[in-house]
Amino acid sequence: MLVPSRTARRVIHLLFLVAFVPVFALPFAVIVVASFAGAWSGALPSHPTLGNYAAATSGDSLHALLTSLITAVAASLIALTVGTWAALAADAAGRGLRRVLDGAFVLPVAVPSVVVGLGLLVAFSKPPLLLNGTPAIVIAAHTVLVTAFAYQSVRAAATRLDPAFAQAAAGLGATPLRVLLRIRLPLLLPSLTAAAGLCFALSMGELSATMMLYPPSWTPLPIRIFALTDRGSLFSGAALAVLLMAATLAVLLAVGRIRTRADHR
């Protein structure tokens, strides 16, 4: 233990709770409580109701949730594929190319996401590649925004791999493709699943760039939450926010189980 004293550990735990509960846990607890509220004029909500969740599970809201799930899954898969490919290429390349790739993939998260949305809107609003007004431009925006995290996660893991495994397989006659599929990617599987979960969570909550690009037929759940709260329907928005959190956590728990199994192999 870094802190051998029991009293000191208790003080540290108390300080952690004092900092954690108000800053991290309390806002989520307020969202959950507000999702059951019919009114909130005092210190505590009143008129508890399930009506907010009845509205949250209506056709439009469920369609928005499905839209968010499809967008997040598609963006995560594309980002994971591109990010892994680029990370492995950077690992085998020279220092100059690694710096170029690092800068290219970090750039979308170094600028506000609204800039990414504006760039895609300007770039793909005219032929030859017209994506404006289609779901593809929303998926493209999410992909650009989350690929950096996939690239960085796989890049960091690839640099820690022991090259002896790949060298031994190549020495036994394995082709580069076989070494990649049977040695390197399985060793990177825990990092790949972690990157996939991170990309999915970030895509599920993305709002700024999406607001500039989404067509009316492809409205993700964060957009619907913003629209409800902007019109003053805070409790209905809170119920949708709980639904968004629950769906994201369910997928992250499933990804976590896959990662745990990968770690045990």
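Around residue 49, which amide H atoms from residues at least 5 apart in sequence, or from another chain, sit under 5 Å from its own amide H, with H modelled in the peptide plane?
Hits under the 5 Å cutoff: 37, 38.
Got a sec to turn the phi values of region 167-184 into Karplus ³J(HN,Hα) couplings, 6.51 cos²θ - 1.76 cosθ + 1.60 with θ = phi - 60°, whole Hz, x for Gly and Pro?
So the J values, rounded to whole Hz, are 5, 5, 5, 5, x, 8, x, 6, 6, x, 5, 5, 4, 5, 6, 9, 10, 6.
Is the C-alpha gyration tensor of region 200-243 telling us rounded, prolate or oblate? Criteria: a/c under 1.5 is rounded; beyond that, a/b larger than b/c is prolate, otherwise oblate. Each step should come with its number before you reach the end.
On the way: a/c = 2.11, a/b = 1.33, b/c = 1.58.
Here region 200-243 falls in the oblate category.
Quick one: among 191, 125, 208, which has the greatest mean-square fluctuation in a GNM of the chain with alpha-carbon springs under 10 angstrom?
Judging by the Gaussian network model, the answer is 125.
Based on the alpha-carbon gyration tensor of region 137-176 and its eigenvalue square roots a ≥ b ≥ c, which shape applies: rounded if a/c is under 1.5, prolate if not and a/b is larger than b/c, or oblate? Walk me through the intermediate numbers first.
Values: a/c = 9.08, a/b = 2.53, b/c = 3.59.
Oblate shape, in that a/c is at least 1.5 and b/c is the bigger or equal ratio.
Note down the magnitude of the dipole of region 51-157 about its Cα centre, charges +1 on Lys and Arg C-beta and -1 on Asp and Glu C-beta and zero elsewhere, to the nearest 20 debye.
Details: 5 positive and 3 negative charges, 73 e Å.
Using Cβ point charges on Lys, Arg, Asp and Glu, region 51-157 gives about 340 debye.
Taking θ as phi - 60°, what are the ³J(HN,Hα) couplings along region 87-100 by the Karplus curve (6.51, -1.76, 1.60), each to the nearest whole Hz, with x for Gly and Pro?
Coupling constants for region 87-100: 5, 5, 5, 5, 5, 8, 8, x, 4, x, 5, 4, 5, 5 Hz.
Can you find, among 158, 120, 87, the residue farthest towards the positive end of the dipole of the chain? Put +1 on the C-beta of Lys and Arg, -1 on that of Asp and Glu.
158
Give the shape of the chain as rounded, prolate or oblate, defined through the alpha-carbon gyration tensor: a ≥ b ≥ c are the square roots of its eigenvalues, a/c under 1.5 means rounded, and otherwise the shape is prolate if a/b is larger than b/c and oblate if not.
Taking the square roots of the gyration eigenvalues as a ≥ b ≥ c, the chain is oblate.
Which residue fluctuates most in the GNM of the chain (Cα springs below 10 Å): 171, 117, 133?
Result for the chain, Cα springs under 10 Å: 171 fluctuates most.
Taking neighbour Cβ counts within 10 Å as the exposure measure, how do 53, 151 sort from fewest upward?
Result, fewest neighbours first: 53, 151.
Step through the residues of region 104-121 one at a time and calculate ³J(HN,Hα) from phi using the Karplus curve (6.51 cos²θ - 1.76 cosθ + 1.60, θ = phi - 60°), rounding each to whole Hz and writing x for Gly and Pro.
Each residue's phi maps through the Karplus curve to give 5, 7, 7, 3, x, 8, 8, 10, x, 5, 5, 5, 4, x, 5, x, 5, 5 Hz.
Taking +1 at the Cβ of each Lys and Arg and -1 at the Cβ of each Asp and Glu, which of 241, 42, 147 sits farthest along the dipole of the chain towards its positive end, judged by Cα position relative to the Cα centre?
Checking the options against the dipole of the chain, the answer is 147.
Could you size up the charge dipole of region 59-264 around its Cα centre, putting +1 on the beta carbon of Lys and Arg and -1 on that of Asp and Glu, and report it in debye to the nearest 20? Mind dumping the intermediate values first?
Values: 14 positive and 7 negative charges, 102 e Å.
Dipole size: approximately 480 debye.
Starting from the Cα-Cα distance between residue 189 and residue 47, subtract it from 0.36 nm times their residue separation and give me the gain in nm to one decimal.
Once the chain is fully extended between residue 189 and residue 47, it gains 46.3 nm.
If you stretched the chain out fully between residue 180 and residue 231, how much longer would it get, using 0.36 nm times the residue separation minus the C-alpha to C-alpha distance?
13.1 nm
Just report the Cα centroid separation between region 17-66 and region 107-149, whole Å.
After rounding, the separation between the Cα centres reads 32 Å.
Quick one: if the Förster radius is 35 Å, what FRET efficiency do residue 168 and residue 13 give, using the C-beta to C-beta distance and rounding to 0.05?
Once rounded, the FRET efficiency stands at 0.15.
Every read-out reported here was derived from the displayed coordinates using simple, explicitly stated rules and does not represent laboratory data. Note that the coordinates shown come from a computational prediction; the quantities given were computed from them, not determined experimentally. For neighbour counting, all protein chains shown are included, and Cβ atoms are generated from backbone atoms with ideal geometry for every residue, glycine included.
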